Amino acid sequence: MTSRAETLGIVGASGFIGRELARQASAAGWQVCGYTRKAKPPDAGVAEWREWNEVPDFNGISAVVNLAGEPINQRWTADAKRRFYDSRIGATGRIVRGLSMLGRSERPHVLVNASAVGIYGERGDEILEEGSPTGTGYLAELCQAWEDSADGVARLGPRVLKWRTGLVLGREGEAFKKMLLPFRLGLGGRLGSGKQWVPWIHVADLVGGILHGIGYGGVTGPVNGSAPEPERNEDFTRKLAAALQRPAALAVPEFALRWMMGDFASAMVASHRAVPRVLLESGYKFRFPTLEMALGDLVGKEQASLSREEPSPRG
Ligand SMILES: NC(=O)c1ccc[n+]([C@@H]2O[C@H](COP(=O)([O-])OP(=O)(O)OC[C@H]3O[C@@H](n4cnc5c(N)ncnc54)[C@H](OP(=O)(O)O)[C@@H]3O)[C@@H](O)[C@H]2O)c1
C-alpha cells in the first residue's frame, strides 16, 4: 500500500504488462494514469488516460513506468527496426524531455524504464547478474542504447531503474499464447539445440517486482526481471508439456526457425542465464519462484478442469 494517494504514470498501459501493472498498482492503493498514443476506453485499474505522441505531460505524477515498445517478435525488416528504435530510444528521449519541463520538486521521484535480458547478448552457460558486462549483437546494442537514453533522467533527479525483462508468462501475453497452441495440439518441442537458458518470469512477479522497486529506495540501475531459476529450453519444453499433459517429442531445428522468423530466430535460441540478484537481495519474495509453480497457476488449473470434463470410459 502507498501511504498517500500517489499517482503512477504508466507509458504503454494498454499493453500486456501495462494492464497487469495497472490492476496490481490500483489494488495496492495507487491512482493510475495511463499514457497512450490513441485515446482508450476506460480500463480496469486506469483512472485517467493521457494521450502522448510528442512530449508526455507528467504533472501530478509521483512515479513513471515506461513500457512502450513496438513488439520484437516479428520479422526484423529495415522498417521494423526503425519502429523498434523509435518506440524505445526515441520514446525514452521524449519522456526525458517531459520530465525536464517540470520544476525539480514537481518531478516524479522514480522512473522504471523497460529493457530486456537481450542486453547480455548470447552467453551460453554464464550466470548473468546485473553487474555482468553487457553483450554484442543487434538486440544487445538496441537495449544498450535504450538504457543509455534513460540515463538522461538520473541527471534530472529521479531514481532510474532499468528493467531487464525476461520471457514473461501470462495468460494475456502474445508470446505465451503462441507458445501454448502447438503444445496443446501435441506438436510442441524444443527450439534449436534446446540447451539455451530461458530467463522466464510470471507476469504477477514481473509487476510485483516493479512495484517493489518503486517503493524500495535502495534499488537503482539495472534490475533483472526474471525468476530465480532460469530453465534450459529442453527442460522448459518438458515441464510445459507435462503441465498440459501432452507429448513434446518434436524439435524445431534452428534453420527452420530462421526460415519462418528471419533474424528474430536468433533471439529465440539465444541463451541468457539471468538471475534476479537485485530483487532477491532487496527482499522481494517471488510468488512463483519455480517454473512448475508458474505453469501450475497459468495452465494447471485450466487443465485440471478440462480433465474433470472429459467423459468417463463408461460414458
Ligand atoms: N512481454 C515480454 O515477454 C517482454 C520481454 C522483454 C521485454 N519486454 C518489454 O517490455 C515492454 C512492455 O512489453 P509488453 O509485452 O507489455 O508489450 P505490448 O503488449 O506490445 O505493449 C507495448 C505498448 O507499447 C506501445 N507501443 C507499441 N508500439 C509502439 C510504437 N511503435 N511506438 C510507441 N509506442 C508503442 C503500445 O501502447 P499504445 O498503443 O497505447 O500507445 C503498447 O500498449 C516492451 O518495451 C517490451 O519490449 C517485454
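Here are a few things to note about the model shown:
- Only one of ALA227, ALA265 that is closer than 21 Å to ASN113 by Cα and not basic (Lys, Arg): ALA227
- When each of ILE210, ILE214 is tested for being in contact (Cβ under 8 Å) with a residue 60 or more places away in the chain, over 25 Å from ASP235 (Cα atoms) and either basic (Lys, Arg) or in contact with a Gly (Cβ under 8 Å, 6 or more places away or on another chain) (or both), the lone residue that passes is ILE210.
- Residue within region 204-213 that is within 15 Å of the ligand (Cβ to nearest atom), at pLDDT 95 or above and surrounded by fewer than 21 Cβ atoms within 10 Å (Cβ to Cβ) present: yes
- Residue in region 126-142 that is of a type in the set (Asp, Glu) and without any contact (Cβ under 8 Å) to a residue 12 or more places away in the chain present: yes
Yes or no, residue by residue, for (1) over 24 Å from ARG88 (Cβ atoms); (2) buried (at least 19 other Cβ atoms within 10 Å of the Cβ); (3) small (Gly, Ala, Ser):
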| site | (1), (2), (3) |
| --- | --- |
| GLY29 | yes, no, yes |
| ARG37 | no, no, no |
| PRO41 | yes, no, no |
| GLU51 | no, no, no |
| GLU54 | no, no, no |
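- Applying a threshold of 7 Å to beta carbon distances and a minimum spacing of six or more residues, or different chains, the list of pairs starting in region 74-91 at a residue that is more than 26 Å from VAL55 (Cα to Cα) and among the polar types (S, T, N, Q) and ending at one that is within 11 Å of the ligand (Cβ to nearest atom) and at pLDDT 95 or above reads GLN74/ALA80.
- Residue within region 99-121 that is more than 11 Å from the ligand (Cβ to nearest atom), within 28 Å of VAL252 (Cα to Cα) and modelled with pLDDT of 95 or more present: yes
- Qualifying positions in region 178-190 - buried (at least 22 other Cβ atoms within 10 Å of the Cβ) and either of a type in the set (A, V, I, L, M) or touching a Gly at 6+ places or on another chain (Cβ under 7 Å) (or both): none
- Among residues of region 99-118, those that are outside any loop (DSSP other than H, G, I, E, B) and surrounded by fewer than 24 Cβ atoms within 10 Å (Cβ to Cβ), counted: 6
- Selection status of GLY188, touching a helix residue (DSSP H, G or I) at 6+ places or on another chain (Cβ under 6 Å) and farther than 17 Å from MET293 by Cβ: yes
One line per residue, one yes/no per condition, for (1) of a type in the set (Gly, Ala, Ser); (2) more than 15 Å from the ligand (Cβ to nearest atom); (3) farther than 27 Å from ARG23 by Cβ:
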position: ALA47; (1), (2), (3): yes, yes, no
position: VAL64; (1), (2), (3): no, no, no
position: LEU67; (1), (2), (3): no, no, no
position: ILE72; (1), (2), (3): no, no, no
position: ASP79; (1), (2), (3): no, no, yes
position: ARG83; (1), (2), (3): no, no, yes
position: ARG94; (1), (2), (3): no, no, no
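- In the set ALA154, ALA175, only one residue is at pLDDT below 95, within 17 Å of the chain's Cα centre (by Cα) and surrounded by fewer than 18 Cβ atoms within 10 Å (Cβ to Cβ); that residue is ALA175.
- Subset of region 136-190 [in a loop (DSSP other than H, G, I, E, B) and closer than 30 Å to ALA256 by Cα]: THR136, GLY137, GLY166, GLY170, ARG171, GLU172, GLY173, LEU185, GLY186, LEU187, GLY188
The values are calculated or read from the model by the stated rules, or taken from the named source; none is laboratory data. Quick caveat: nothing in here was measured; it's all calculated off a predicted structure. Note: ideal-geometry Cβ built from the backbone for every residue, glycine included; neighbour counts use all protein chains shown.
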